[in-house]
Each structure stands twice: as C-alpha cells, then as structure tokens.
Amino acid sequence: MIIIKKSTWSAALLLVATNIFVAGCSDAPGPSREQLVAEYPSVEQGSTRQENIEIMCPFVRMLERSGLFDETFANQGDLDISTSELTSAAQEFGCAVLECGTVAATAAVGQPGGSGVDIERLHEAAGIAHDCGLTFEYGGTQVSDDRRDATITRLGELADEQGHLVYDDILQVKLETCDGEGVGITTAGRTETKLIFAYLGGVDNGFVTLDDVSSFLHAEMPSVKTRFMVDARQLGKVR
C-alpha cells in the first residue's frame, strides 16, 4: 500500500495536465530569466534573502522569495494566500493559468481549514501530497539540507562531462529515493521531475544542467529557463 503524505504544489501539475485538451495549442512564450531577475532580484543566485524552508515546493519557495507575497503576509500575518494570488504569482514566473490555477485550487481544498493555500503546510494538502521528496526527508515537514545535498550529489554522478542531465537522470534519482523509502512514485511525484526538466529548459535544449537543478532546488532562478510557459503541452513533451 502506498502512503501519500508529502506535498509539493508543483507536483500536482500532471494530475491536471492529463485531463486537459491540448490538441492544436501553440507553444505560448513565457517570461525570460533576464526579465524575472531584473524585476525580482531576490531570486537571483547569491541573493541575501533567505529561502523559507517551511515551503516544501521549490517553485513556490522561489515565488515567496521573490517578494510577491510580502504585502499580503504583512497585512494578515500568516502565509495563507488566496488561490487567485498564488495563480497570478505562478503565471508571473512562467506557469500557465489553467494548469497552475487548478492545482492551487486543489491544494486549497485539500488542506484542513482556511479559505486559501497555506504555503507552509503544503504537506497537508490531500490529493497532491507525496513522499520521496528530492528536498525533504520521509515524514519531514520542511526542506532538509541533507536530502537536498544527497539529491544533487547523486545527480552529479549521473551527469555527463559537461554537467548535462537528461530527463531520465532526474527520474532515476526520484525513483531511487522512492525505493529507499519503500514507497512507489505517484503521478504527482513524477510531475515534480517533469516540471523541473521543463522549467530549466529541458524541452528547449534536450538537457538541463546540474548547476541549474541545484539552483532551482535552492529556490534560485536557474541560469537557463525555458522560453515557454510551463503548461500541459510542455509537460507532455518531456521525455
């Protein structure tokens, strides 16, 4: 029996994407890396703004680090934000409204209490929670440096001489992590790997770099980012 516990908000994308009709859709352009770091310098590599390790999804952690939620948090004193604000922030950073908006709504419904999404309690969101995280331990509720370092080290062993990784390398590390925890990979967990590969330009270039995966898992903007919006069409191209 597979016990699904942990959540990363991004990891539910495939649950949505597999149910979305995408035939005939064109590749929608997304924001460039240069645009994002110019407008949100706190997500640039080497930023002095600390990541919030209570936010277990690296993409959402990067959104918080950008400062997009600062005004809301200052006004209400907690990290519970509306699905519309979360969707808008995700779109700003290159995640399509339909897919990411649906996931945000799913997370809100899956969490006990509250009217929005508490991004520090993503692990409690029923329906999108999963184990064998790339950045958190089994049963953990925050980012683990030990697990994250182990993930990056293993990816480094699989990278080629140029530090390039193909999708199967990322998936292999995910599957090895699941095996080590005695659980099976879920659809949500598999989507996590697809999102990483797509966001870091894997569909564009056929590979991603180890350094960029490390940056992303540390909630920093990678050196290379896809030029397209991450949507069902892009995730469907990940091979």
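Rule-based calculations on the coordinates, nothing more; no lab input. Not measured: the values here are computed from a predicted model. Here the Cβ is made from the backbone with ideal geometry for all residues, glycine too, and neighbour counts use every protein chain on show.
Sorted into 10 angstrom bins from 0, the C-alpha pair distances of the range 25-109 split as 16, 49, 31, 5, 0 percent. Computed over the alpha-carbon atoms, the range 89-235 gives an Rg to Rh ratio of 0.95, Rh here being the Kirkwood radius from the mean inverse distance.
Listed by chain and number, the aspartates and glutamates whose alpha-carbon sits under 16 Å from that of Lys174, ignoring those within fewer than 8 places in the same chain, are Asp131, Glu137, Asp146, Asp149, Glu157, Glu192. Amide H contacts of Val117 (H built 1.01 Å from N, in plane; Pro and chain starts excluded): Ile81, Ser82, Thr83 sit under 5 Å, all sequence-distant by 5 or more or on other chains.
Counting Lys and Arg as +1 and Asp and Glu as -1, what is the net charge of the other residues whose Cβ lies under 13 Å from the Cβ of Arg154?
Summing Lys and Arg as +1 and Asp and Glu as -1 gives -3.
Is the shape of the range 110-196 best called rounded, prolate or oblate, per the rule: a/c under 1.5 gives rounded, else a/b larger than b/c gives prolate, else oblate, with a ≥ b ≥ c the square roots of the Cα gyration tensor eigenvalues? Verdict is prolate for the range 110-196.
If R0 is taken as 35 Å, the Cβ-Cβ distance between Glu176 and Phe73 corresponds to a FRET efficiency of 0.45. Full extension of the segment from Asp145 to Gln162, taken as 0.36 nm per residue of separation minus the current Cα-Cα distance, would add 3.6 nm. The charge dipole of the chain, taken about its Cα centre with unit charges on the Cβ of Lys, Arg, Asp and Glu (plus for the first two, minus for the last two), comes to roughly 660 debye.
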